[in-house]
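Notes follow the structure.
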Amino acid sequence: MQKMFAAALFAAGLIATQLAWAEDKIADVTDMDALRVAVRADKKGLVASALKLTDVEAKRFWPIYENYQRVLDATNRRLALAVEAVVTLNRPISDLYARNLANELIAADEEEIKARMALHNRLMRGVPTRVMQPKKAVRYLQLESKIRAMQDYDIATGIPLVK
């Protein structure tokens, strides 16, 4: 009976260890395929599990997060319209159209960079108005950077070069 109990306890320990390892792997997001799946399932949940915010930090962080996501969504829509124009054209483009397209792509990038700088500045404030610990802020900024890199890669693989 004790051997059965010990074996069951050992098995439960192994399962708990594997679950903890899997959760830590998702939190570290070094596997881009796992990141893609996690973002599609629940990006906000992924961020929450990676940051492990206190109640005070969460109260300060989530409005900043939501604002940044709104700006990213607008930038993504702007980029999608430009990309859609290239994909659906299916013929060589004029020099003027090429210039306008390049300007639109750069403007979308600049808008995203401006939003990321504002996010960085809000998260890296000093102690009296600190949103969260700097280590958590950097962790979030890294996570957003990885998510954006994955999304940029996915977009790039689906866009043909202009003719």
* To do: Taking the options E84, E112, name whichever one is charged (D, E, K, R) and open to solvent by less than 50 Å² (accessible area, probe 1.4 Å).
  => E112
* If we scan segment 66-81, do we find a residue that is more than 19 Å from Q151 (Cβ to Cβ) and open to solvent by less than 70 Å² (accessible area, probe 1.4 Å)? -> no
* Asked: If you check K136, K146, which single one turns out to be more than 27 Å from L81 (Cβ to Cβ), part of a helix (DSSP H, G or I) and either in contact with a strand residue (DSSP E or B) (Cβ under 6 Å, 6 or more places away or on another chain) or of a type in the set (K, R) (or both)?
  -> K136
* Just one of the numbered conditions (1) more than 20 Å from the chain's Cα centre (by Cα); (2) more than 16 Å from I64 (Cα to Cα) is not true of T129; which one? -> (2)
* Asked: Out of all the residues in segment 120-163, which are modelled with pLDDT of 85 or more and among the hydrophobic types (A, V, I, L, M, F, W, C)?
  -> L123, M124, V131, M132, A137, V138, L141, L143, I147, A149, M150
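The values are calculated or read from the model by the stated rules, or taken from the named source; none is laboratory data. Here the structure is a predicted model, which means the values were calculated and not measured. For neighbour counting, all protein chains shown are included, and Cβ atoms are generated from backbone atoms with ideal geometry for every residue, glycine included. SASA here: full protein model, heavy atoms, side chains in, ligands and nucleic acids out. Shrake-Rupley method; radii C 1.70, N 1.55, O 1.52, S 1.80 Å.
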